[in-house]
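The values are calculated or read from the model by the stated rules, or taken from the named source; none is laboratory data. For clarity, every value in this text was computed on a predicted model and none was experimentally measured. Positions of Cβ are generated from backbone atoms using ideal geometry, with glycine treated the same way; all protein chains shown enter the neighbour counts. Ligands, DNA and RNA are stripped out before the accessible areas are found, and what is left, the full protein with its side chains, is counted by its heavy atoms. Shrake-Rupley method; radii C 1.70, N 1.55, O 1.52, S 1.80 Å.
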Amino acid sequence: MPDKVVVLSGSGLSAESGLPTFRGAAGLWREHSWMELASPEGWRKHPQLVLEFYNERRAKAWAAEPNAAHRAIAELEKHFDVAVITQNVDNLHERAGSTRVLHLHGELGFARGTGPGRKRYRIDGAPIELGQTCEEGTQLRPDIVWFGEETRHMEEAAGHVSAADKILVVGTSLSVYPAASLVEYARPRIEKILNSLEMDSVPRGFEFLPGQATVIVPRLTARWSGCRA
Ligand code: APR
C-alpha cells in the first residue's frame, strides 16, 4: 500500500490564483463583517446582501485557475494515497485533478434549501437569486458553513489525519475551530510540514516552511515523490 499523505489547506493556497484570504492584508474579513455576511443572523437580516456577496465570490472562483501548488498536490496521487481536507469553498483542488477532497466549510458550487430536507443542488458558477426556492419551497442559500454552524466531515477528516504517514498544512492561519484542531490527530513521529507566509504559532512537531505555496509546495512534493520515481 502506498504511504498516506494528508493535505489540510486554507485560503492562502488559492491566493496565488487571485482569490482573497480572510485575515491577511485585503482579506475578506478586513473588508467585510463576517457577522453580516457569514452567519445565520446576517442571512435572516439581509439575505440579498449575503447572496450578492457569495455570487461575487462564486463568479471569481469560477474565473480563477488552479495554481502550481494545487497541481503539485494533485500529482502526489501518482505515488501516494492522498486525502485533501480543505477549508476552501472553491473547487480548485478538484480542477487541478485531486480526486479525494473533503470540504469542511461547504462549497460555492452548490446551493441548498433552508427547509428540514436541506435539499442540495449543484449550481457551479451560477448566481443564486432571491425568490429562487428548493423543491420544499424554501429560499435557496449558498451551501457554505457559516459561523455558528456545524463543520462538515470532521470525523472522517480526523480519521485521515490520524492514519497519515505525512502531513502538509498549507495556506491556513489555523485560527478557526474545529478545523484547526485536526493537526492534533497527527501521530507524533511522522513528517509534518506547515507552509504559510507567516504564522503566529506553529503546532508542535510541525516544520514551518515560510513562503509562497506555489514555490514551497511543488518543491516539497518533488522531494516526497522523488524517492518514489
Ligand atoms: N502561500 C502560502 N500561504 C499563504 C499565501 C501564499 N501565497 N498567502 C497567504 N497565505 C497564508 C497566510 O499567511 C495565512 O496564514 O494563508 C493563511 C490565510 O489565513 P486566513 O486568512 O485566516 O484564512 P483561512 O485559514 O483559510 O481561514 C479559515 O476562516 O473565515 C473562515 O470559513 C473561513 O475557511 C475559512 C476559515
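Would you check if Ala96 is of a type in the set (Gly, Ala, Ser) and away from the ligand (no atom under 16 Å from the Cβ)? Criteria not met by Ala96.
Would you mind stating whether Glu155 is more than 17 Å from Lys45 (Cα to Cα), open to solvent by 30 Å² or more (accessible area, probe 1.4 Å) and either free of Cβ contacts under 8 Å to residues at least 40 places away in the same chain or more than 10 Å from the ligand (Cβ to nearest atom) (or both)? Criteria met by Glu155.
The set of residues in segment 213-227 being open to solvent by less than 60 Å² (accessible area, probe 1.4 Å), within 16 Å of the ligand (Cβ to nearest atom) and either within 16 Å of Thr172 (Cα to Cα) or of a type outside the set (Val, Ile, Thr) (or both) consists of Ala213, Thr214, Ile216, Val217, Pro218, Leu220. Filtered by the rule that a residue be more than 16 Å from the ligand (Cβ to nearest atom), open to solvent by less than 50 Å² (accessible area, probe 1.4 Å) and not hydrophobic (A, V, I, L, M, F, W, C), segment 163-188 gives a lone residue, Lys166.
Return yes when Glu36 is without any contact (Cβ under 8 Å) to a residue 40 or more places away in the chain, open to solvent by 50 Å² or more (accessible area, probe 1.4 Å) and in contact with a helix residue (DSSP H, G or I) (Cβ under 6 Å, 6 or more places away or on another chain) and no when it is not. Against the criterion (without any contact (Cβ under 8 Å) to a residue 40 or more places away in the chain, open to solvent by 50 Å² or more (accessible area, probe 1.4 Å) and in contact with a helix residue (DSSP H, G or I) (Cβ under 6 Å, 6 or more places away or on another chain)), Glu36 qualifies. Could you list, ordered by first residue, the pairs with Cβ atoms under 7 Å in which the first is in segment 116-128 and of a type in the set (Asp, Glu) and the second is part of a strand (DSSP E or B), at least 6 apart or interchain? Between residues of segment 116-128 that are of a type in the set (Asp, Glu) and residues that are part of a strand (DSSP E or B), the close pairs are Asp124/Gly109. What residue, among those in segment 1-30 that are away from the ligand (no atom under 12 Å from the Cβ) and surrounded by fewer than 19 Cβ atoms within 10 Å (Cβ to Cβ), is modelled with the lowest pLDDT? The qualifying residue modelled with the lowest pLDDT is Met1.
Has segment 60-74 got any residue that is closer than 30 Å to Pro218 by Cα, over 12 Å from the mean Cα position of the chain (by Cα), open to solvent by 20 Å² or more (accessible area, probe 1.4 Å) and aromatic (Phe, Trp, Tyr)? Within segment 60-74 (the criterion being closer than 30 Å to Pro218 by Cα, over 12 Å from the mean Cα position of the chain (by Cα), open to solvent by 20 Å² or more (accessible area, probe 1.4 Å) and aromatic (Phe, Trp, Tyr)), the answer is yes, since at least one residue qualifies.
Just to check your reading of the model, which residue among Glu191, Glu198 is over 26 Å from Arg152 (Cβ atoms) and open to solvent by 100 Å² or more (accessible area, probe 1.4 Å)? First the steps, then the outcome.
Numbers: Glu191 fails: open to solvent by 100 Å² or more (accessible area, probe 1.4 Å).
So the residue among Glu191, Glu198 that is over 26 Å from Arg152 (Cβ atoms) and open to solvent by 100 Å² or more (accessible area, probe 1.4 Å) is Glu198.
Inside segment 33-58, residues that are under 28 Å from Arg95 (Cα atoms) and modelled with pLDDT under 95 make up a count of 1.
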